[in-house]
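Have a look at the structure below before the remarks.
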Amino acid sequence: MNVSSAPDPMLPEPLRITRAKREMHGVFTFELDVSARGGFPFLPGQFNMLYPFGAGESAISISGDPHQPDRLEHTIRAVGAVTRALERLGRGDVVGVRGPFGSAWPIREAEGSDLVVIAGGIGLAPLRPVVYHALRRREAFGKVALLYGTRTPDDILYRKEIERWRGRLDVEVEVTVDTAGSDWRGNTGVVTKLISRAAFDPGRAFAMICGPEIMMRFCARELERLGVSLDRIWITMERNMRCGIGLCGHCQFGPSFVCKDGPVYRYDRVQDLLLVREV
């Protein structure tokens with residue numbers, strides 16, 4: 001391909017919002033119209049830079065189905081100026097998009113193994129494409145377990161989808177909350193408590209984790225204690241990404257840049273960096 005014809009990775013592409021869904025307070029999902037460009041292929045774990053015009057950019061993981069490239073979805077928590085500007089948009093509005101960027105979950109490498117997906121809070125969004133892929137290609141995996149933890153029952157993301165997944169006989173879905181009222185009938189406690197109870201073989205398992213860094217460290221430690229090899233544990237990092245292509249340096253993580261070398265990392269390659277507060 002002629003290099004001069006390649007799209008400029010720094011130039012946002014205007015895409016119209018076709019669907020805006022409120023997931024819970026402060027969390028929403030956009031579906032963007034990609035029909036004019038013939039779809040938006042991506043790999044599970046990759047992200048886009050979303051630009052509400054005039055407000056700046058924010059790196060947001062793609063949360064849709066990789067097998068449906070005609071539907072581009074992002075699930076967003078409104079926590080800063082850019083994401084709050086995105087929250088004010090709705091169906092018919094236009095948002096600038098650059099991407100996809102970053103590394104991907106090793107789902108092909110994991111085929112033939114047991115798959116353990118561990119998510120905390122909105123960390124389920126970057127892992128949702130993994131779940132879609134695993135359920136679509138269920139015969140390619142051994143046992144599949146989704147372990148999900150949130151602060152309260154009201155913070156459960158994709159509640160209806162989780163119930164559908166839980167209704168399947170070929171996947172284990174466990175949800176836990178930190179605190180709940182007397183009407184909650186599910187698990188309580190941190191998500192790490194679910195790991196030893198899940199039905200998978202540590203000797204043949206791949207684990208993929210997304211959540212707060214401290215949660216990912218403790219989950220990896222528990223998986224290692226059970227016998228999962230550290231080179232078969234993968235995490236995704238959320239750092240302050242500005243350019244998406246490793247030029248600006250805002251997301252430097254030790255010797256790497258999260259936007260270019262991540263956000264998905266093999267745990268044994270970054271475990272020491274996760275212990276350094278300044279990194």
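The values are calculated or read from the model by the stated rules, or taken from the named source; none is laboratory data. These numbers come from a predicted model, not from an experiment. We place every Cβ from the backbone using ideal geometry, glycine too, and count neighbours over all the protein chains shown. All accessible areas refer to the heavy atoms of the entire protein, side chains included, with ligands and DNA or RNA removed. Shrake-Rupley method; radii C 1.70, N 1.55, O 1.52, S 1.80 Å.
I'm checking my understanding of the structure. Among residues of segment 162-201 that are without any contact (Cβ under 8 Å) to a residue 24 or more places away in the chain and part of a helix (DSSP H, G or I), which one is most open to solvent (accessible area, probe 1.4 Å)?
164
Applying the selection to segment 24-51, what residues are open to solvent by less than 40 Å² (accessible area, probe 1.4 Å) and either among the charged types (D, E, K, R) or closer than 11 Å to residue 95 by Cβ (or both)?
30, 31, 32, 48, 49, 50
So residue 257 ticks every box in (1) surrounded by 15 or more Cβ atoms within 10 Å (Cβ to Cβ); (2) in contact (Cβ under 8 Å) with a residue 12 or more places away in the chain but one. Which box is left unticked?
(2)
If you check 119, 125, 145, which single one turns out to be in a helix (DSSP H, G or I) and open to solvent by less than 10 Å² (accessible area, probe 1.4 Å)?
Exactly one residue qualifies, and that residue is 125.
Is at least one residue of segment 76-86 open to solvent by 20 Å² or more (accessible area, probe 1.4 Å), without any contact (Cβ under 8 Å) to a residue 24 or more places away in the chain and not basic (Lys, Arg)?
Checked segment 76-86: at least one residue is open to solvent by 20 Å² or more (accessible area, probe 1.4 Å), without any contact (Cβ under 8 Å) to a residue 24 or more places away in the chain and not basic (Lys, Arg).
Taking the criterion of being open to solvent by 20 Å² or more (accessible area, probe 1.4 Å), in contact with a Leu (Cβ under 7 Å, 6 or more places away or on another chain) and under 17 Å from residue 30 (Cα atoms), would at least one residue in segment 103-112 satisfy it?
No; the residues of segment 103-112 include none that is open to solvent by 20 Å² or more (accessible area, probe 1.4 Å), in contact with a Leu (Cβ under 7 Å, 6 or more places away or on another chain) and under 17 Å from residue 30 (Cα atoms).
Assuming residue 56 fulfils every condition listed in (1) under 20 Å from the mean Cα position of the chain (by Cα); (2) in a loop (DSSP other than H, G, I, E, B) apart from one, which condition is it?
(1)
For (1) of a type in the set (Asp, Glu); (2) modelled with pLDDT under 95; (3) farther than 15 Å from residue 123 by Cα, each residue gets a yes or a no:
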position: 203; (1), (2), (3): no, no, yes
position: 208; (1), (2), (3): no, no, no
position: 213; (1), (2), (3): yes, yes, no
position: 219; (1), (2), (3): no, no, no
position: 222; (1), (2), (3): yes, no, yes
position: 233; (1), (2), (3): no, no, yes
position: 240; (1), (2), (3): no, yes, yes
position: 247; (1), (2), (3): no, yes, yes
position: 263; (1), (2), (3): no, no, no
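If residue 207 satisfies every condition in (1) of a type in the set (A, V, I, L, M, F, W, C); (2) assigned to a strand (DSSP E or B); (3) loosely packed, with under 14 Cβ neighbours inside 10 Å but one, which is the exception?
(3)
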